[in-house]
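The values are calculated or read from the model by the stated rules, or taken from the named source; none is laboratory data. Just so we're clear, the structure is a prediction, and the values are computed from it rather than from any experiment. Note that we place each Cβ from the backbone using ideal geometry, even for glycine, and neighbour counts take in every protein chain shown. Keep in mind that these areas ignore ligands, DNA and RNA; they rest on the heavy atoms of the full protein, side chains included. Shrake-Rupley method; radii C 1.70, N 1.55, O 1.52, S 1.80 Å.
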Amino acid sequence: MKKLFTIALLFMFATGMVWAQNEKYTQAMSDGIKALNSIDREKPDPKTLVDIANRFERIAAAEPKEWLPKYYAAYANVLLGFVAPTLTEKDQYLDKANALLKDAEGIAGKPNDEIEILKAYQSQIHLAADPMNRWQADGEKFQGFLQSAKALNAENPRIYYLEGSSLFFTPEEYGGGKKVAKPILEKAQQKFSTFKPETAIHPDWGKMETEWMLSQTN
């Protein structure tokens, strides 16, 4: 009886430790995502983004079996690849994002639509940094990653957000423009209206940007 009681006590203690650890992880992730969502979208501060990326990397070091910290660190580095002042700095951030995404993919252990979408976003920003020299290679990568994401989960709205944004910012003489982008962005908006992230800390970005671009197409 005493032995049974001791085993039950140890089980309760271990369960409590796991619960407390999970709660601490979720809170750290929620705080990081809140900071990420609070950045000035029109003029993001690079230093703030570096701090956020470092925060997620610290969570990743503490939680090596979780892929989301690496994912969000990669996302922050993709945003840095957009706002950095020089091509060299942009590429450094985008290369780091690429490495973090490979780590996240390895931890996830199976194909993941959100990771494929973020790979596409990394390719899109890499192309935008030097379009004259990168449009062909990065354009193919961008489309390939989005097709992979569609094969995994065609209901993910960020697929159509990225497709629409690519057309939105492509000049009309090259097949893009607001008019061409509008139906794709409307599809993204419709998908966002029904999309439910797996948990409160899973990816849920792109809706605000989709709505802004749609407002510019009228």
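Summary table below
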read-out: Exposure rank, largest accessible area first [Met213, Met208, Met132; 1.4 Å]; value: Met132, Met208, Met213
read-out: Separation of the Lys65 and Ser193 label points, Cα + 7 Å toward Cβ, nm; value: 4.1
read-out: Net charge contributed by nearby residues that have their C-beta within less than 12 Å of Thr88 (K/R +1, D/E -1); value: -3
read-out: Highest-MSF residue in the chain out of Glu198, Glu116, Glu186 [GNM, Cα springs under 10 Å]; value: Glu198
read-out: Label of the coordinate-derived value, Cα Rg over 2.2 N^0.38 Å, listed as [x] 1.17; [y] 1.24; [z] 0.96; value: [x]
read-out: Value at 222 nm in deg cm²/dmol, rounded to 500, when DSSP H runs of n ≥ 4 in the chain each add -39,500 (n - 2.57); value: -26000 deg cm²/dmol
read-out: Accessible heavy-atom area order of Asp91, Asp40, highest first, probe of 1.4 Å; value: Asp40, Asp91
read-out: Over 27 Å between alpha carbons, listed pairs Lys119/Lys182; Lys47/Lys141; Lys34/Lys191; Lys96/Lys191; Lys34/Lys178; Lys119/Lys187; value: Lys47/Lys141; Lys96/Lys191; Lys34/Lys178
read-out: GNM flexibility winner over the chain from Glu42, Glu89, Glu105 (Cα, springs under 10 Å); value: Glu42
